[in-house]
Amino acid sequence: MAIQQTYSMIKPDGVRNGHIGEIINRFERAGLTIERMELGMVTPEQAKANYAEHEGKPFYDGLIAYITSGPVVKMVVSGEGAVAKCRSLMGATNPAEAAPGTIRGDFGLIMDENVIHGSDSPESAEREIGDLLCLNSLVDSVRPRCADGWRSGAFCVSVWFFWAIGLREGVGRRKSRYYGRRRNRCANRCARRT
């Protein structure tokens, strides 16, 4: 099979119920690569363009209201036979009919809120990637944007991560201030180089 790119989106109920990590983990365990990822809202215009084929159907207005009701995770996923692999990982559109072990079978509750969307063909994937992703705000290969490559990028992320963990864990003020200063210096340094 050829390497393909496909579009997948964790819908508002999947984000709200905290299933982002598990869904991404399932894609990666299946040998797929998350090439681009964005957490954000779907605008009504984007939703209408994406679901144009359903316009006039009884569920159309509810679908547009639901998909714009909260943040979603938009992803470009690649790998051998990515479209078919993603579709099999997601399961049937109706969670009641989805097999156990699939994303919709495990996390979906009702037809109207079925956790995840995925392109059904390479052509629709290309269209959806263009319509729904803001190409200027993508995180390439889930790596930070640093001019001198992955090594300093990893440092930036690790400093930011430990600073955030320190705040969450209630580390003393001195340590949190230290990590905060380091994080800001690193962010400023990386911003100057890009």
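A short reminder: the numbers here are calculations on the coordinates, not readings from a lab. Note that the coordinates shown come from a computational prediction; the quantities given were computed from them, not determined experimentally. Cβ coordinates were reconstructed from backbone atoms using ideal geometry, including for glycine residues, and neighbour counts include every protein chain displayed.
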Provide the per-residue ³J(HN,Hα) series for segment 78-93, in order, calculated from phi with Karplus coefficients 6.51, -1.76, 1.60 and θ = phi - 60°, each as a whole number of Hz, with x at glycine and proline positions.
10, x, 5, x, 4, 4, 5, 4, 4, 4, 6, 5, 6, x, 4, 4
Kindly provide the pair-distance distribution of segment 40-103 built from C-alpha pairs, with 10 Å bins from 0 and whole-percent values in order of increasing distance.
18, 34, 43, 4
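Can you give the convex hull volume of the alpha carbon atoms of segment 15-123 per residue, in Å³?
107 Å³
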What full-extension length gain, to one decimal in nm, is calculated for residue 69 and residue 45 as 0.36 nm per residue of separation minus the Cα-Cα distance?
7.3 nm
Once phi is turned into θ = phi - 60°, what whole-Hz ³J(HN,Hα) does the Karplus curve with 6.51, -1.76 and 1.60 give for every residue of segment 104-118, x standing for Gly and Pro?
5, x, 8, 10, x, 10, 10, 4, 6, 10, 9, 6, 9, 10, x
Rounded Å value of the spacing that divides the Cα centres of segment 1-60 and segment 72-122
9 Å
Counting other C-beta atoms within 10 Å, and keeping those with at most 13, which DSSP coil chymotrypsin sites (Phe, Trp or Tyr not before Pro) do you find in segment 1-94?
59
Using the Cβ atoms and a cut-off under 15 Å, what net charge is assigned to the surroundings of residue 71, where Lys and Arg are +1 and Asp and Glu are -1?
0
